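Below: one structure, written as structure tokens.
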Amino acid sequence: MKFGIGQSVRRTEDIRFVTGQGQYTEDLHFPRETHACFLRSPHAHAKILSIDTSAAESAPGVVGVLTYKDIETAGAKPMPCHLPLLSRDGSPIRQSPKPLLAKDRVTFTGEAIAMVVAETYAQAMDAAELVEVEYEPLDAAGTLQAAPDGPQIWESAPGNLCFDWAVGDEARTKEAFEKAAHVASVDVVQNRVVPTSMETRNGIGLYDAATDSYTLYSGNQGSGELRGRVAGLLNISHDKLHVITRDVGGGFGMKGFMYPEQPLVLIAAKKVGRPVRWIGTRTEAFLSDDHGRDMTYKGELALDGDGHILALRITGTANMGGYLSQAAPLIATLAGGRIFGGVYRVPALFAEVKGYFSNSAPVDAYRGAGRPEAAHLMERLMDVAAFETGIDRIDLRRRNLIRPDELPYANWFGIKFDSGDYPRVLDKALDRARVGEFAKRKQESKARGKLRGLGVAYYVEITFSIGNEPARVKFTDNGAIELYVGTQSTGQGHETAFAQLVAERLGVPFESITVKQGDTDWVNGGGTGGSRSLNMSGGALEVASDEVIRKGKVAAGQVLQAGDKAVDFEIADGAGRFRVTDTERAIGLGELAVTLKRETIPGFEHGLDSDGSYLGQASTFPNGCHICEVEVDPETGKVDVVSYTVVDDFGRVINPMLVAGQVHGGVAQGIGQAVLENCVYDPETGQLLTASFSDYAIPRADDIPDIDFSYEEILCKTHALGAKGCGEAGTVGALPSVASAVADAIGVPHIDMPTTPERVWRVLRAKAA
């Protein structure tokens, strides 16, 4: 079918984007709107002795100033952590109740203390500088390493310990290590990163006094989820809050959660009686966005004499920041922990991870959210094990990869990998990357004074395919179709992919379909995150489409006067129609929909409009092999990624072009973290030392090579679409493959990320000495 599943249909949404007709939060304006600016703490850890807003309140253009007193008056609750994680002794995680505006203390640099609302942003910014805050500075624990022995941040968390989580079979793992012929060990640092989405966080709040209701416009990853969280925090019913999201300029997990500014613009709008808008600056983004990663792991791998894995042991620490974000503990534990060991046979495993508070910005999901960390650790361990045992690193992987005849395979956690052919994907990647000719390329690089390295990594992802996701198929008066979904595109191309799905299922023209998202008056779903959108919204659209067909058979029977004859649905020449069996009487789906709009037929007052709901019952497991080649300048330590090959298994691919774009973007973010990006805090003061693009390097176009991407379409067996998801996979595989290549180039078992020129240069000098 033209523009159906499996075709590289160009993104329909790009027409408005490239012609400047995208509608982001900053493009929205309302009569009598005001502008908000936040006074943020210059201290990472301090007591607040007093706040004087009198000068700010009398400043030109100011219409209101909010502090914690206004939050208390509004009855808003502190920011919660939604994860019911338990420590290994059964005790709950130690919470960090955080008011929307700081009351008596601050726990990280950039924490909001006061909100100034004025006629213009310039006036609000000037007035914010007039707010006088008397601080009593406290000693800070600015980094993960400083946290355990640093000054206590929360009274409920001695030693700044938030949780001590463990999983696996400790006794069996210990026994396996005692019997091992070889033990490989590596210490890995997962460097902290800042998401740096193109569109900064934002919010516009409106309040209607007549109905005592609110409207929030905000770029985020799921309006339904955001409405529930904001309404709960403000103590209002869901029907009193309308959340609208237009276009979103990147999310990467960071925009999947509620932030203080979103409920604050609503509280302010009610107080000043006018719309209140806040568009974050790039500096605010660096200071107050939820950051990603920031963990350390010690990994130990036990192997027998033939190089087969006997057990895996992991000891980790994770930075939670100054207070818990909504899902922070999940990222360092279950999000990636369930698939520690990847798609290798790991008979026994024990992992322990401790989470610590520190005087830094909160940490939460960033593209991959735990899975890149898990893959990076395992693949570094495989390389170190090969280095120490003398077994070829590719052969070591082959010996331990789960074979297709072993599927479905339950890993040590009980997670069942349902489909795949991991050895085939590995071999295809090796072939496409021409690994057999690598020695020749290495010599060519050497002749130019460069060190060349080859990196190999096999990753697996686990998607967040849970919950109950709604969708709606609605017909217009002229037979066109509107699809309503509760997930949210932040650049992935949902409007195109979902239209392809329904065009294929119903046999309707692709160009007749419009996708609607981001409005809680339409549908309320679980939002986008963890590569759940295709599985969940796609599944719900399949259910709704099937309901259209079911209704259509009944309605067509009446319109076509089928009597006691059955009516079938068929797609011929790409067009869906209903036919009375054993007759030539038929009507197209679109024509039937228009007929039901124009004629009153009992039971079809809403025509063929149909709702669908999909209950996610099993995660899916995208997987693949990344092969990277780098050149290193031994004089300067500069790393250049010169070749990159990806072979993925994403199950059924809806749109190859969209998938390739997702992989390219994910790999770029992985290369960024592996080579360039590093968010740095001063350990003693908690001051952010990398608060701008002058200090924090993200990859540019010339840092990313051409990416050779291909895929094996091995269908998922736990989902009707057969699709596994692809949104985060590029990053999951990129971290370990790039790190592997750099270590290979400079001839060491392991080097931590980011592999900046200085770090590589120092390792080379130490090795030479």
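Here are the numbers:
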item	result
Nonlocal amide H pairs with LEU100, under 5 Å, H built at 1.01 Å	MET79
Per residue accessible area of the chain, 1.4 Å probe, in Å²	38 Å²
For the range 681-769, size of Cβ-based charge dipole, Lys and Arg +1, Asp and Glu -1, in debye	260 debye
Only Lys, Arg (+1) and Asp, Glu (-1) charged, at Cβ; the range 539-605 dipole about Cα centre in debye	180 debye
The range 482-515 versus the range 567-589: alpha-carbon centroid distance in Å	23 Å
Alpha-carbon Rg/Rh ratio, for the range 270-334, with Rh computed the Kirkwood way	1.31
Highest to lowest packing among 209-222, 566-579, scored as the average C-beta count within 10 Å	209-222, 566-579
Calculated diffusion of the range 201-295, Stokes-Einstein form, Kirkwood radius summed over Cα pairs, 4 °C and 1.567 mPa s, µm²/s	95 µm²/s
Rounded Å value of the spacing that divides the Cα centres of the range 650-718 and the range 194-233	27 Å
Eligible aspartates and glutamates near LYS2 by straight Cα distance, threshold 13 Å, same-chain separation 8 or greater	GLU504, GLU511, ASP573
Packing rank of 189-197, 366-374, 604-612, where each peptide gets the mean count of other beta carbons within 10 Å, highest leading	366-374, 189-197, 604-612
Kirkwood Rh (inverse of mean 1/r, distinct Cα pairs), the range 217-372, angstrom	18.1 Å
Tally of Lys pairs whose C-alpha atoms are under 28 Å apart, taken over the range 448-572, 8 or more apart or cross-chain	8
Of the DSSP H helices in the chain, those whose Cα atoms cover at least 20 Å axially and whose Kyte score averages -1.0 or more	371-389, 533-559, 656-671, 729-746
Whole-Hz ³J(HN,Hα) from phi, Karplus 6.51 cos²θ - 1.76 cosθ + 1.60, for the range 625-636, glycine and proline x	10, 10, 10, 10, 10, 10, 10, 10, 7, x, 7, 10
Entries of LYS298/LYS446; LYS98/LYS255; LYS298/LYS724 with Cα pairs more than 25 Å apart	LYS298/LYS446; LYS298/LYS724
Size of charge dipole - the chain - debye, nearest 20, with Cβ of Lys, Arg +1 and Asp, Glu -1, no other charges	840 debye
Listed residues ALA741, VAL680, ALA439: farthest to the positive end of the dipole of the chain (Cβ charges)	ALA439
For THR514, distant residues with modelled amide H under 5 Å away	ILE481, GLU482, LEU483
Stokes-Einstein D for the range 390-451, Kirkwood Rh over Cα pairs, 25 °C, 0.890 mPa s (µm²/s)	173 µm²/s
Unit charges at the beta carbon, dipole of the range 34-140: most positive-side option, ALA102, LEU130, THR34	ALA102
Prolate/oblate/rounded call for the range 236-286, Cα gyration tensor, a/c under 1.5 rounded	oblate
Cut-off 18 Å, label 7 Å out along Cα→Cβ of GLU437, residues of the range 612-630 by amide N	627-630
Mean Cβ count within 10 Å, highest first, over the residues of peptides 479-485, 719-725	719-725, 479-485
Built amide H within the under 5 Å cut-off of ALA723, gap 5+	ARG652, CYS716
Radius 12 Å from Cβ of ASP383, net charge of other residues (Lys, Arg +1; Asp, Glu -1)	-1
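The values are calculated or read from the model by the stated rules, or taken from the named source; none is laboratory data. Because the structure is a prediction, the values reported are computed rather than measured. All Cβ positions, even for glycine, are placed from backbone atoms using ideal geometry, and neighbour counts span all protein chains on display. The protein model used for the area step is the full one, side chains on, heavy atoms only, and it has no ligands, DNA or RNA in it. Shrake-Rupley method; radii C 1.70, N 1.55, O 1.52, S 1.80 Å.
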